[in-house]
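Every number here is computed from the coordinates shown, using simple stated rules; none is lab data. Because the structure is predicted, anything quoted here is derived from the model rather than measured. For neighbour counting, all protein chains shown are included, and Cβ atoms are generated from backbone atoms with ideal geometry for every residue, glycine included.
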Amino acid sequence: MPVLKLKTDKMFTDITEKVEKLIPKNFQGLANIYSPHTTCCVFQTENELLHLVDVRFFLDKLVPYIKQPEGEHRNIKYLHDMISLRNDVPIDESINGHSHIRSLFFNSSENIPIRKSKLLLGEWKRIFFVELDPMRNRELIITFVKGHN
Amino acid sequence: MPVLKLKTDKMFTDITEKVEKLIPKNFQGLANIYSPHTTCCVFQTENELLHLVDVRFFLDKLVPYIKQPEGEHRNIKYLHDMISLRNDVPIDESINGHSHIRSLFFNSSENIPIRKSKLLLGEWKRIFFVELDPMRNRELIITFVKGHN
Amino acid sequence: MPVLKLKTDKMFTDITEKVEKLIPKNFQGLANIYSPHTTCCVFQTENELLHLVDVRFFLDKLVPYIKQPEGEHRNIKYLHDMISLRNDVPIDESINGHSHIRSLFFNSSENIPIRKSKLLLGEWKRIFFVELDPMRNRELIITFVKGHN
């Protein structure tokens, strides 16, 4: 089970070619690309920059970094970011409650069919690594499973 | 790996029976139903018309065809639809920025367990092809993988 | 294909250890954890209580139990809950249109890679059963598929 190592400050990184290089010879079945991290995901979409900006704007609107003031205390934080209430993290824990919620719009893993060792992505689909946090060391785990003939 | 060909102007098409007919004999494992298109998806839910209307209304609200005016220029377009800025498409490229964003709510593929050649969908779940664009020629790729005994 | 039986009034139940116990010996490949129900799902995230509250608040806001009044009739119901219009259910059918829509944010199943019979969940990821309805008898179907060496 190969591992793709990544470290990037870009939100979307097209990893299609990196995955293709790992496909076994004469292979037919599925590739599963899995993120073992909670704030980076795998996503299939068109590699068109303006569309990717649309996705970013959509998330910025629905899941902003700072929420609209709410409740009696005009809270603007995600509860996950109320660090002083959490005993499980140091006081300088990074603020990423929004990154966790944004992951609801993507998947932990994606499955893609393979025929004759080629990903059947169609004309426009590409595989993206989605980084929802600042740059970190990340790994994606690739698993190939044989299809039934 | 069988391929289901579809062409419909309906948003939701129940494809459960079509998938069932493709299951190999005496099979146990998983079916993966994959869309190689960026603006049509696979979805599992109840085949109840009013619920499907709820899904449509929810998407119309959260991801409208025309956005609320935003920014200094009162922009109402998805950036993907600012065709005059894109060198990669003809000027009559279809307007479907919203279809791309709506795909965030569905999946490129769904996996469903199979025992004794029957999909284990439970009492209410059905498999839907979701068309987010106007009618087009579409294909879904079905992959069966054997389960471990 | 083992089945996990659950019945809980909690929205999020960490089932990681229950899944781990079912992994075959010396196994490498994928686990698929599948919900055959329309209003309970499988989800991978950090088991941090304040984050889980954030998820709940996010859903309460985007998909409230009672909608803002809309249209000429100031409708506050999901159409799925207009029971008197549906011939397929008794008049005391439970009100859960919002639960159906909330399922758009989760998945019917999750796939997780396994090496040496261990789930490769990374440091923070855990597997959750997500109950979007009041307490019911539920089943999750676990399928293991071998990876290609």
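Here are a few things to note about the model shown:
- Using the Cβ-Cβ distance between C:Thr8 and C:Trp124 with R0 = 22 Å, the FRET efficiency computed as 1/(1 + (r/R0)^6) comes to roughly 0.45.
- Across the copies of the chain, B:Arg136 has label points (7 Å from Cα along Cα→Cβ) spaced 3.4, 3.4 nm apart, shortest distance listed first.
- Kirkwood-type radius of the protein assembly as shown, with distances r between different C-alpha atoms, in Å: 22.7 Å
- Inter-copy label distances at B:Pro24 (7 Å, Cα→Cβ; nm, one decimal): 1.5, 1.5
- Ellipsoid fit via the Cα gyration tensor, the range B:9-56: semi-axes of 24, 14, 9 Å, each the root of five times an eigenvalue, largest first.
- The alpha carbons of the range A:27-131 stretch over 59, 32, 20 Å along the principal axes, in descending order.
- Mean separation of Cα contacts under 8 Å (6+ apart) over length of chain B, as relative contact order %: 55 percent
- Of the peptides C:141-149, B:82-90, C:101-109, the ranking by mean beta-carbon count within 10 Å, highest at the top, reads C:101-109, C:141-149, B:82-90.
- Per residue of C:34-45, other chain Cβ atoms within 10 Å of the residue Cβ number 5 on average.
- Shape of the range B:69-143, Cα gyration tensor, a/c cut at 1.5: prolate
- Structure-based [θ]222 nm, chain A - -39500 (n - 2.57) summed over DSSP H runs of at least 4, per residue, nearest 500: -4500 deg cm²/dmol
- Taking Cα centre as origin and charging only the Cβ of basic (Lys, Arg, +1) and acidic (Asp, Glu, -1) residues, the dipole magnitude of chain B rounds to 680 debye.
- Copies compared at C:Ser94 - label distances in nm, ascending, label defined 7 Å from Cα in the Cβ direction: 4.0, 4.0
- Chain B comes nearest to the axis taking it onto chain C at the Cβ of one residue; that residue and its distance, in whole Å, are B:Val145, 3.
- The range B:23-97 versus the range C:10-78: alpha-carbon centroid distance in Å: 22 Å
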